[in-house]
Amino acid sequence: MGVVVADVENAYFARAVRGVTYVAAKAGLQVVLANSDEKGETERSAVQMFIERRVDGLVVAPAAADHEHLDKAVAAGIPVVLLDRALAGATLDTAVVDNRGAAKAAVSNVARESTGPVPARLRRLRMPGE
């Protein structure tokens, strides 16, 4: 399975790769990792290499604004899942975090558990009108 992330040193992507590796291993798959450094051309090159090696699947955190290279992978019979970022016009499965919903839940939880007023730094995280 091929994985292309934007920055392997970013804690989010490091944890995501760990999770992908864990799930892949349970399915009997190995993971090969590529780092795009947030460069579309580097991502395209990595995806092409994975297509040529006929990987069983691709997980890509897209840096490129286009998705033609990912469409080629799908046409080659390789399942593709986008990680962390959706691509306009792409019909690919996408796994993203709901940052707004997570922040709302965190602030609501603090407010519910708090015995006093919500600290000013947390009030700023609340959604307007909520």
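The values are calculated or read from the model by the stated rules, or taken from the named source; none is laboratory data. Keep in mind that this is a model prediction, so the values were computed, not measured. Note that each Cβ is placed from the backbone with ideal geometry, even for glycine, and that neighbours are counted across all protein chains shown. Protein only, heavy atoms only, side chains kept; ligands, DNA and RNA dropped before computing areas. Shrake-Rupley method; radii C 1.70, N 1.55, O 1.52, S 1.80 Å.
Observations on the model:
- When the criteria are applied in full, Arg44 fails the requirement of being loosely packed, with under 14 Cβ neighbours inside 10 Å and of a type in the set (Lys, Arg).
- Put simply, of Ala102, Ala16 the only residue that is surrounded by fewer than 18 Cβ atoms within 10 Å (Cβ to Cβ) and either part of a helix (DSSP H, G or I) or of a type in the set (A, V, I, L, M, F, W, C) (or both) is Ala102.
- Any chance Thr94 is at pLDDT below 90, open to solvent by 50 Å² or more (accessible area, probe 1.4 Å), outside any loop (DSSP other than H, G, I, E, B) and among the β-branched types (Val, Ile, Thr): yes
- Looking across the stretch 56-77 at every residue that is farther than 16 Å from Val5 by Cα and aliphatic (A, V, I, L, M), the one that is surrounded by the most Cβ atoms within 10 Å (Cβ to Cβ) is identified as Ala73.
- Checking the stretch 102-110 against the condition returns no match, with no residue being within 16 Å of the chain's Cα centre (by Cα) and of a type outside the set (A, V, I, L, M, F, W, C).
- For the criterion of being exposed (fewer than 14 other Cβ atoms within 10 Å of the Cβ), among the basic types (Lys, Arg) and at pLDDT below 70, Arg112 fails.
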